[in-house]
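Asker: My structure is below; once you've seen it, I'll send some questions.
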Amino acid sequence: MPVQNPLRVLPLLLLCAVAAPAQQSDIKAQIEFAKSKVYPALVNISVVSKSFENGRTVRRPSAGSGTIVSPAGHVITNYHVVEGAERVTCTLPTGEEIRAKVLAEDPALDFAVLLLDLERRRNPNIGLPFATLGDSDALAVGDYVLAVGNPLALSSSMTLGIVCNTRRVFTDFLGNEADDMDIGGQKTGMFTLWIQTDALILPGNSGGAMVDLRGEIVGMNSRGGGGLGFATPSNMLAKSLNQILTYGEVRRGWIGVDARPYPDPTRRGALVANVVPGSPADVAGIVAGDRIVALGDTAVQCQFIEDMPLFYGAIADLMPGIETQATLESGKKLTIQVGRWENFLADEREYRSVGVTVRNVSKPLAVARGWPDSDGVLITGIRPGKPIESARPALAAGDVIRQLDGKPVTTVADVESTFRDAKPGTSISFTVRRDRQEIVSALVIEEPVERKGGKVLPRPWLGVQTQVLSPEVAKALGMEGQKGLRITRVLPDTVAAASGLQVGDVLQGLGDEAIESYRPQDAGDLDTLLNDFAVDQKVAVKVRRGGETLSYDIVLEASRMVPGDPEKASDDFFELKVRAIVFSDRVDEPWPDGTQGAVVADCTSGGWAAMSGLRVGDLIERIDDVVVTGPADVTKALDAARTAKRALVSIFVRRGTRTTFVLVQPTYPN
């Protein structure tokens, strides 16, 4: 290869050297512009959400991202960010926190719209920043995009990347079928051609904006991992958003067909693989094997799997209730009365009095299970230890209640009063569908039985803690060759304390019995010897102190280290149990003398108390303005908070050597 004249190459090198910084500066300016348009409208979404497990409501904190898209305070985010939300708080990059409510959800698109409670702002007159939706169809592979959000719940982050693909579909390993995607059981993704990017998207980024360099939202960050991120196109979000703002919900068409691509460029249309019995398509006469080449005026071509979301999207765009024509490859035209798309799962709810969670049976669920209709109420969970667990034969999650006390059950409304008002003495009969069987079960609700431990016989006790006088310890104390138990602690308010026993005394005799402990396994010798005596019996206790042998006549008392059956209380709404302070608490805990309160005995995981940070072993000393001296005060204070529906319940607790506040922010049933 000939060598060129270096003087001729030099201008080109200089041009490149100048152009690179200029190009970088231009990109940076565009990024700054895009940031200025969207970043102020970014919100960090903190959620307290509820789900249902084993027949009960479980609450958990979570976080995600969103973007304000209107001056009225509408926020767009992912459905999976606010799924089951009971409390939603949005934090702006300025640090301002604003409560929000879920206006509408669209699980099929993994999309939700929130509405900020602007009246609760400190200054409602301050303008609200908002971003605008752009045209996702204008995106091209290689375009720069920004991923804006709150990764790992860290506030206000932005990453830069490029568009890698504008028509991504998730498929099975062989690429033959689209993946069945779901969020908490809700089917999703069937309408979506995802935008793939290499901009970093981490957990917590969900619901945040994908932004082009014009500063417009072109997608919503929904999934990420392994260096890849995926966003829902903004044009799809705009359709859903417009319907929510117009109708308060998303309305989609449905005809009841499953189709698949056919990799033959000479054939047109979508190949019908399945027709739901009784669906609009079935009624119209469409059968598996037909090829739909047009829906109304919209041509259909499904050669590749990436074409399928467009086909299902064309059906979804049809307004429920209208008539449309399906044109088959043969030229035949069939009139279809468009049905309405339903989410796969209906809302779930708990009936705590009987210990069951249920939901209505949706038509898609009935189709998936092969049930002839969607009548009935699906049992989703049974709570151990609650009344419904004693039904015989036993009921189980997955059973569909078809009759209750001989009356037909169609929806949850048909079981509402029976479950809500159930009390001891109530008898309920169930007829349920289980797989292909019809099962009858009966339940008699009995009075709850408080389980108590067996009565503990009083044991004689001295009221001291000891260590074995091993040869090594004896030598260190100048008592070489002697045996016994050295007192390490004299417990307060005991006969040992009253008699004058001291820390450092070495117990060497009890009555006529010598104490000859010197091995680690002899640590229990004192308890063994005490078993030979009785409570209230006077016993001569021999000790070695300062080179002298002393004897004390002590009347043995009953051990107070066995808690017995202290006073208890429980609260089903906050889901906690407390008990009175017992002697062993004062022995074991570093509490100041005279401390009063109620000890937390149980905090149900996922309940309001546990989720707010209350722990087993905490000593509750005050709830709001109620001083707690025992379990009854806890009941009184929590009943008052619930009656007043206080948004914030302050619990002051002692935890080891420290005190702290547990702040509970419950939501109350209407």
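The values are calculated or read from the model by the stated rules, or taken from the named source; none is laboratory data. Source: prediction; values computed, not measured. Reconstructed Cβ throughout: ideal geometry from the backbone, glycine too, with neighbour counts over all protein chains shown. These area figures cover heavy atoms from the full protein model, side chains too; ligands, DNA and RNA do not enter into them. Shrake-Rupley method; radii C 1.70, N 1.55, O 1.52, S 1.80 Å.
Asker: For the stretch 57-98, what are the residues that are open to solvent by 30 Å² or more (accessible area, probe 1.4 Å) and in contact with a Gly (Cβ under 8 Å, 6 or more places away or on another chain)?
Answerer: Once the filter is applied, which keeps residues that are open to solvent by 30 Å² or more (accessible area, probe 1.4 Å) and in contact with a Gly (Cβ under 8 Å, 6 or more places away or on another chain), the stretch 57-98 yields Arg60, Ala63, Pro71, His80, Glu83.
Asker: I'm trying to understand the selection: among the residues of the stretch 492-517, which are surrounded by 19 or more Cβ atoms within 10 Å (Cβ to Cβ), not acidic (Asp, Glu) and not in a helix (DSSP H, G or I)? Working first, answer last.
Answerer: To start, the set of residues in the stretch 492-517 that are surrounded by 19 or more Cβ atoms within 10 Å (Cβ to Cβ) comprises 494, 496, 501, 505-510, 515, 517.
Checking the rest, the ones that are also not acidic (Asp, Glu) come to 494, 496, 501, 506-510, 515, 517.
Answer for the stretch 492-517, where residues must be surrounded by 19 or more Cβ atoms within 10 Å (Cβ to Cβ), not acidic (Asp, Glu) and not in a helix (DSSP H, G or I): Thr494, Leu501, Val506, Leu507, Gln508, Gly509, Leu510, Ile515, Ser517.
Asker: Give the number of residues within the stretch 332-341 that are assigned to a loop (DSSP other than H, G, I, E, B) and farther than 15 Å from Gly278 by Cα. Explain how you work it out, then say what you get.
Answerer: Looking only at the stretch 332-341, we keep the residues that are assigned to a loop (DSSP other than H, G, I, E, B), and these are 332, 338, 341.
So of that shortlist, the ones also farther than 15 Å from Gly278 by Cα come out as 332.
Result for the stretch 332-341: 1.
Asker: Moving to a separate point now. Here's a check for you: in the stretch 170-198, which residue that is in contact (Cβ under 8 Å) with a residue 60 or more places away in the chain, surrounded by 20 or more Cβ atoms within 10 Å (Cβ to Cβ) and among the β-branched types (Val, Ile, Thr) is nearest to Pro309 (Cα to Cα)?
Answerer: Thr192
Asker: Do we find a residue being farther than 17 Å from Ala131 by Cα, touching a helix residue (DSSP H, G or I) at 6+ places or on another chain (Cβ under 7 Å), in a loop (DSSP other than H, G, I, E, B) and small (Gly, Ala, Ser) anywhere in the stretch 185-205?
Answerer: yes
Asker: Now for a different question. For residues that are touching a strand residue (DSSP E or B) at 6+ places or on another chain (Cβ under 8 Å) and in a loop (DSSP other than H, G, I, E, B), tally how many sit in the stretch 55-76. Break it down stepwise before answering.
Answerer: We begin by selecting, within the stretch 55-76, every residue touching a strand residue (DSSP E or B) at 6+ places or on another chain (Cβ under 8 Å); these are 55-69, 72-76.
Cutting the leftovers down to in a loop (DSSP other than H, G, I, E, B) gives us 55, 69, 72-73.
Total meeting the criteria: 4.
Asker: Looking at the stretch 232-242, which of its residues are open to solvent by 10 Å² or more (accessible area, probe 1.4 Å) and in a strand (DSSP E or B)? If you could, list the steps in order and put the result at the bottom.
Answerer: First, the residues of the stretch 232-242 that are open to solvent by 10 Å² or more (accessible area, probe 1.4 Å): 233, 235-236, 238-239, 241-242.
The one that is open to solvent by 10 Å² or more (accessible area, probe 1.4 Å) and in a strand (DSSP E or B): Pro233.
Asker: Among the residues of the stretch 639-654 satisfying the criterion of being of a type outside the set (Gly, Ala, Ser) and loosely packed, with under 15 Cβ neighbours inside 10 Å, which is farthest from Val582 (Cα to Cα)?
Answerer: Our first condition is that a residue be of a type outside the set (Gly, Ala, Ser); within the stretch 639-654, this holds for 639, 642-643, 645-646, 648-649, 651-654.
Still in the list and also loosely packed, with under 15 Cβ neighbours inside 10 Å: 639, 643, 645, 648.
On the way: Asp639: 25, Thr643: 31, Lys645: 32, Leu648: 30 Å.
My answer is Lys645.
Asker: On the given criteria, is Arg579 more than 30 Å from Glu53 (Cβ to Cβ) and either open to solvent by 20 Å² or more (accessible area, probe 1.4 Å) or in contact (Cβ under 8 Å) with a residue 60 or more places away in the chain (or both)? So that I can check it myself, show each step before the final result.
Answerer: Working: more than 30 Å from Glu53 (Cβ to Cβ): no; either open to solvent by 20 Å² or more (accessible area, probe 1.4 Å) or in contact (Cβ under 8 Å) with a residue 60 or more places away in the chain (or both): yes.
In short, no.
Asker: Also, quick follow-up: Quick check, is Lys636 free of Cβ contacts under 8 Å to residues at least 12 places away in the same chain, surrounded by fewer than 20 Cβ atoms within 10 Å (Cβ to Cβ) and among the basic types (Lys, Arg)? I'd like the intermediate steps shown before the answer.
Answerer: Details: free of Cβ contacts under 8 Å to residues at least 12 places away in the same chain: yes; surrounded by fewer than 20 Cβ atoms within 10 Å (Cβ to Cβ): yes; among the basic types (Lys, Arg): yes.
Yes, satisfied.
Asker: Take the residues in the stretch 364-390 that are more than 30 Å from Asp258 (Cβ to Cβ) and assigned to a helix (DSSP H, G or I), then tell me which one is farthest from the chain's Cα centre (by Cα).
Answerer: Among them, the one singled out is Ser390.
Asker: Need at least 2 residues that are under 30 Å from Pro520 (Cα atoms) and open to solvent by less than 80 Å² (accessible area, probe 1.4 Å) per element, so show me which strands (runs of 3 or more DSSP E) inside the stretch 391-482 make the cut, counting only ones lying wholly within it.
Answerer: 464-468
Asker: Is it the case that the stretch 221-231 has a residue that's over 26 Å from Ala366 (Cα atoms), within 28 Å of the chain's Cα centre (by Cα) and part of a loop (DSSP other than H, G, I, E, B)?
Answerer: The initial filter retains those residues of the stretch 221-231 that are over 26 Å from Ala366 (Cα atoms), namely 221-231.
Subset that is within 28 Å of the chain's Cα centre (by Cα): 221-231.
The next check asks that each one be part of a loop (DSSP other than H, G, I, E, B); those that pass are 226-227.
There is at least one residue in the stretch 221-231 that is over 26 Å from Ala366 (Cα atoms), within 28 Å of the chain's Cα centre (by Cα) and part of a loop (DSSP other than H, G, I, E, B).
Asker: Condition test on Gly253, is it of a type in the set (Gly, Ala, Ser), surrounded by fewer than 21 Cβ atoms within 10 Å (Cβ to Cβ) and either closer than 21 Å to Trp341 by Cβ or out of contact with any Gly (no Cβ under 8 Å at 6 or more places or on another chain) (or both)?
Answerer: On the way: of a type in the set (Gly, Ala, Ser): yes; surrounded by fewer than 21 Cβ atoms within 10 Å (Cβ to Cβ): no; either closer than 21 Å to Trp341 by Cβ or out of contact with any Gly (no Cβ under 8 Å at 6 or more places or on another chain) (or both): yes.
So Gly253 fails the test.
Asker: Got at least one residue in the stretch 533-551 being open to solvent by less than 60 Å² (accessible area, probe 1.4 Å), in a loop (DSSP other than H, G, I, E, B), in contact with a helix residue (DSSP H, G or I) (Cβ under 9 Å, 6 or more places away or on another chain) and touching a residue at least 12 places away in the same chain (Cβ under 8 Å)?
Answerer: Checked the stretch 533-551: no residue is open to solvent by less than 60 Å² (accessible area, probe 1.4 Å), in a loop (DSSP other than H, G, I, E, B), in contact with a helix residue (DSSP H, G or I) (Cβ under 9 Å, 6 or more places away or on another chain) and touching a residue at least 12 places away in the same chain (Cβ under 8 Å).
Asker: Need pairs with beta-carbon distance below 7 Å; first residue within 25 Å of Ala497 (Cβ to Cβ) and modelled with pLDDT of 95 or more and within the stretch 475-487, second assigned to a helix (DSSP H, G or I) and open to solvent by 80 Å² or more (accessible area, probe 1.4 Å); sequence gap 6+ or separate chains.
Answerer: none
Asker: Further question: In the list Val218, Val272, which residue meets the criterion of being within 22 Å of Arg340 (Cβ to Cβ) and either assigned to a strand (DSSP E or B) or in contact with a Gly (Cβ under 6 Å, 6 or more places away or on another chain) (or both)?
Answerer: Numbers: Val218 fails: within 22 Å of Arg340 (Cβ to Cβ).
None of the other options fit; the residue is Val272.
Asker: From the list Ser605, Ser570, which residue is within 30 Å of Tyr351 (Cα to Cα), without any contact (Cβ under 8 Å) to a residue 60 or more places away in the chain and either small (Gly, Ala, Ser) or assigned to a strand (DSSP E or B) (or both)? First the steps, then the outcome.
Answerer: Working: Ser605 fails: without any contact (Cβ under 8 Å) to a residue 60 or more places away in the chain.
Just a single option satisfies the conditions, and that option is Ser570.
Asker: Kindly indicate the residue of the stretch 592-625 that is out of contact with any strand residue (DSSP E or B) (no Cβ under 6 Å at 6 or more places or on another chain) and open to solvent by less than 30 Å² (accessible area, probe 1.4 Å) and also farthest from Arg642 (Cα to Cα) among those meeting that condition. Working first, answer last.
Answerer: Quick first cut of the stretch 592-625, residues out of contact with any strand residue (DSSP E or B) (no Cβ under 6 Å at 6 or more places or on another chain) only: 592-596, 604-605, 607, 615, 617, 625.
Applying the additional criterion that residues be open to solvent by less than 30 Å² (accessible area, probe 1.4 Å) yields 595, 607.
Working: Thr595: 27, Gly607: 15 Å.
Going through the qualifying residues, I end up with Thr595.
Asker: Can you report the number of residues in the stretch 276-331 which are in a strand (DSSP E or B) and surrounded by 16 or more Cβ atoms within 10 Å (Cβ to Cβ)?
Answerer: Let us first name the residues in the stretch 276-331 that are in a strand (DSSP E or B), namely 291-295, 298-299, 301, 323-328.
With surrounded by 16 or more Cβ atoms within 10 Å (Cβ to Cβ) added as a condition, the list becomes 291-295, 301, 324, 326-328.
So the count comes out to 10.
Asker: Still on this model: Scan the stretch 53-69 and tell me whether some residue there is modelled with pLDDT of 90 or more, on the phi > 0 side of the Ramachandran plot and charged (D, E, K, R). Lay out the reasoning, then the answer.
Answerer: As a first pass, look at the stretch 53-69 and keep what is modelled with pLDDT of 90 or more: 53-69.
Cutting the leftovers down to on the phi > 0 side of the Ramachandran plot gives us 54-55.
Narrowing the set further to residues that are charged (D, E, K, R) leaves none.
Scanning the stretch 53-69, I find no residue that is modelled with pLDDT of 90 or more, on the phi > 0 side of the Ramachandran plot and charged (D, E, K, R), so the answer is no.
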